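> Pasting a structure here, questions to come.
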Amino acid sequence: MYFGVNIDHIAVLREARRVNSPNLIDTLSLVERGGGDQITIHLREDRRHIVDFDVENIIQNSVLPVNLEMSISPEIVEITKRDKPNRATIVPENRNEVTTEGGLDLKRNLHRVEVAVTELHKRDIEVSLFIDPNIESINFAKKLGVEAIEFHTGKFANLFGMLYTNLRNSHHKIPELLKSRKELKSELEKELENLENSSKSVKELGIRVAVGHGLNYQNIKLIREIPEIEEVNIGQAIVARSVFVGLEKAVAEMRELL
């Protein structure tokens, strides 16, 4: 399985003290040696972690291909066209969110996304769309002629966390998922079936299937059982583990699970 490592949270650590440490360039060879196939970064409009300099610098210095997550803001589209990552993944953005909390609303933003896709294709940049796993979103995505679709796995990850980890007993518990284990297990099984069916639908269209958001060392074991999924993009879990074992080893441990 193709393995993208998102290094945004290393930039979060750097921005916490607003100094050039840790240096993101130092992470590139560690990800490669650990078995990563791709560097993933997200240039958010508010520049809360990755900044413009990072995008240019990482694309110029990474041996691995770079997947740039981006909004459809004209400014961000122009930066992407200028720096030419191997792939651009178009994602929704909300300034108040902690992290991306859902897939693109293609029904509402189809024309704007289409304009961005056209502009990126003119620069020979592969395009992926970050969407929720449902048939309506897939049908809209089909019209745009993109090379890949990445499914938002946040619902799956939340259900798994509340069922199989100690999340429900922490201050980060998810109130709407404070349900019985039987209910959570049923909903998790339905979401896995939804991911599997959605992945099959995309694969039949000849489009690459990727997944990302909330994936970690525990729940990835269920995701890897879906044969149509060709790619994962994982960040926070790997960076969190790297605090204790080092980045190269954290990447290698996930590589082994995949």
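The values are calculated or read from the model by the stated rules, or taken from the named source; none is laboratory data. These figures come from a predicted structure and were not determined experimentally. Neighbour counts are summed over all protein chains in view; Cβ atoms, including those assigned to glycine, are modelled from backbone coordinates with ideal geometry.
> With 39, 90, 79 as the choices, which residue is within 14 Å of residue 5 (Cβ to Cβ), β-branched (Val, Ile, Thr) and at pLDDT 95 or above?
39
> Residue 97 - would you say it is modelled with pLDDT of 95 or more, outside any helix (DSSP H, G or I) and closer than 19 Å to residue 212 by Cα?
no
> Is there any pair with a first residue in the stretch 102-119 that is without any contact (Cβ under 8 Å) to a residue 40 or more places away in the chain and of a type in the set (A, V, I, L, M) and a second that is assigned to a loop (DSSP other than H, G, I, E, B) and surrounded by 15 or more Cβ atoms within 10 Å (Cβ to Cβ) whose Cβ atoms are under 6 Å apart and which are 6 or more apart or on different chains, and what are they?
Taking only residues 6 or more apart or on different chains, the pairs are 104/92; 117/144.
> While we're on this one: Condition first: free of Cβ contacts under 8 Å to residues at least 40 places away in the same chain and within 16 Å of the chain's Cα centre (by Cα). Now tell me which residues in the stretch 212-232 satisfy that.
220
> Among the candidates 163, 195, single out the residue that is among the hydrophobic types (A, V, I, L, M, F, W, C), modelled with pLDDT of 95 or more, in a helix (DSSP H, G or I) and touching a helix residue (DSSP H, G or I) at 6+ places or on another chain (Cβ under 6 Å).
Being among the hydrophobic types (A, V, I, L, M, F, W, C), modelled with pLDDT of 95 or more, in a helix (DSSP H, G or I) and touching a helix residue (DSSP H, G or I) at 6+ places or on another chain (Cβ under 6 Å) holds for just one of 163, 195, which is 163.
> Here's another thing I want to ask about it. What pairs come up if the first residue lies in the stretch 42-65 and is crowded, with 19+ Cβ neighbours inside 10 Å, the second is part of a helix (DSSP H, G or I) and among the small types (Gly, Ala, Ser), and their beta carbons are under 7 Å apart, counting only those six or more places apart or on different chains?
Close Cβ pairs satisfying both conditions: 49/11; 50/11; 54/11.
> Condition first: over 25 Å from residue 228 (Cβ atoms) and among the basic types (Lys, Arg). Now tell me which residues in the stretch 172-206 satisfy that.
Within the stretch 172-206, 173, 179, 181, 182 meet the criteria.
> Here's a check for you: in the stretch 215-256, which residue that is under 15 Å from residue 157 (Cβ atoms) and small (Gly, Ala, Ser) is surrounded by the most Cβ atoms within 10 Å (Cβ to Cβ)?
235
> Residue 16 is checked against (1) assigned to a helix (DSSP H, G or I); (2) more than 14 Å from residue 85 (Cα to Cα); (3) touching a residue at least 12 places away in the same chain (Cβ under 8 Å) and fails just one. What number does that condition carry?
(3)
> Name the residue, out of 69, 45, 75, that is assigned to a strand (DSSP E or B) and either of a type outside the set (Ser, Thr, Tyr) or within 27 Å of residue 253 (Cα to Cα) (or both).
That would be 69, the only listed residue that is assigned to a strand (DSSP E or B) and either of a type outside the set (Ser, Thr, Tyr) or within 27 Å of residue 253 (Cα to Cα) (or both).
> State all residues of the stretch 122-137 that are over 17 Å from the mean Cα position of the chain (by Cα) and among the aliphatic types (A, V, I, L, M); if no residue qualifies, say none.
125, 135
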